[in-house]
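Peer 1: I have a structure I would like to understand better, so I am pasting it below and will then ask my questions one at a time.
The values are calculated or read from the model by the stated rules, or taken from the named source; none is laboratory data. Every value quoted in this text rests on a predicted model; they were computed, and no experiment measured them. Neighbour counts run over all protein chains shown; Cβ positions are idealised from the backbone, glycine included.
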Amino acid sequence: MAKKIGVVLSGCGVMDGAEIHEAVCTMLAIDRAGAEIVCLAPNKDQLDVVNHVANTPQGEKRNVMVEAARIARGRIRDVATVQASDLDAVVLPGGYGAAKNLCTFAVDGTDCKVDPGVRTLLLEMHAAKKPIGALCIAPAALAAVFGRDLHPDLTIGTDEGTARALEKMGAKHVKTAVSDIVVDRKNKIVTNACYMLATRISEVAAGAEKVVKAVLEMA
């Protein structure tokens, strides 16, 4: 039976939701590996809506799961209804939505809170010894959930301010190049910087593929 890999999306679009290249490259890597993609998202309003041409606030309200369904082609589940027993692993693509909608890192920094459904699923996955992957800024959510208890090894690349914030939350930051992944085998957590460092979609694809491969090997 094919392994089921959850992909936790935070909307649709880098400035206010999931980074689409990272999400699609992750899904492609999962499919190419012969595993099943299970798209998930919080069923709630986004923090904000951003015009991606002008990079300005739109003053609209949009639902995270409804927007994420654009990437998932409509096949998406409310993350609050999914349990660790439904999945073999989970991956969180980045984009500002990971820091706005999956957690509040974009607003609250080291005092950030994690969406209750996302937090519960991550805790259940760890308790079940099932692997977790995160790309770009999404490791901030992992630091918020696991930092103080597990002190996981994570990377967001080389940004010193963000790295210090993750360490203040209890994680151990590992400085990496865009092509590198950090594998915390003890905690079964795999991270890659993706667009925190990448300048080309091919670099994102390579990073996502490495994360998915490592996660599947531990699943």
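Peer 1: Looking at the stretch 175-189, is at least one residue β-branched (Val, Ile, Thr) and out of contact with any strand residue (DSSP E or B) (no Cβ under 9 Å at 6 or more places or on another chain)?
Peer 2: no
Peer 1: Could you tell me whether the stretch 22-41 includes any residue that is among the polar types (S, T, N, Q) and more than 16 Å from the chain's Cα centre (by Cα)?
Peer 2: no
Peer 1: With the requirement that a residue be in a helix (DSSP H, G or I) and of a type in the set (D, E, K, R), what does the stretch 178-203 give you?
Peer 2: 203
Peer 1: Mind checking which pairs have a first residue in the stretch 115-138 that is charged (D, E, K, R) and a second that is assigned to a loop (DSSP other than H, G, I, E, B), Cβ under 8 Å, 6 or more apart or different chains?
Peer 2: These pairs meet every condition: 115/42; 115/44; 124/83; 129/188; 130/87; 130/88; 130/188; 130/219.
Peer 1: Now for a separate question. For the stretch 160-177, which residues satisfy the criterion of being of a type in the set (S, T, N, Q) and in a loop (DSSP other than H, G, I, E, B)?
Peer 2: Correct list: 176 only.
Peer 1: Next question. Counting only residues that are without any contact (Cβ under 8 Å) to a residue 12 or more places away in the chain, touching a His at 6+ places or on another chain (Cβ under 9 Å) and surrounded by fewer than 21 Cβ atoms within 10 Å (Cβ to Cβ), give me the strands (runs of 3 or more DSSP E) lying completely in the stretch 1-112 with at least 3 of them.
Peer 2: none
Peer 1: Here is a check on your reading of the model: is residue 205 in contact (Cβ under 8 Å) with a residue 24 or more places away in the chain and buried (at least 23 other Cβ atoms within 10 Å of the Cβ)?
Peer 2: no
Peer 1: Looking only at the stretch 24-61, count how many residues are hydroxyl-bearing (Ser, Thr, Tyr) and within 22 Å of residue 120 (Cβ to Cβ).
Peer 2: 1
Peer 1: How many residues does the stretch 208-219 hold that are under 12 Å from residue 178 (Cβ atoms) and within 13 Å of the chain's Cα centre (by Cα)?
Peer 2: So the count comes out to 1.
Peer 1: Considering every residue within the stretch 163-181, establish whether at least one is under 15 Å from residue 91 (Cβ atoms), at pLDDT 95 or above and surrounded by 19 or more Cβ atoms within 10 Å (Cβ to Cβ).
Peer 2: yes
Peer 1: Turning to a different aspect of this structure: Taking the stretch 146-161, which residues are surrounded by fewer than 20 Cβ atoms within 10 Å (Cβ to Cβ) and touching a residue at least 24 places away in the same chain (Cβ under 8 Å)?
Peer 2: Passing the criteria: 150, 153, 158, 159.
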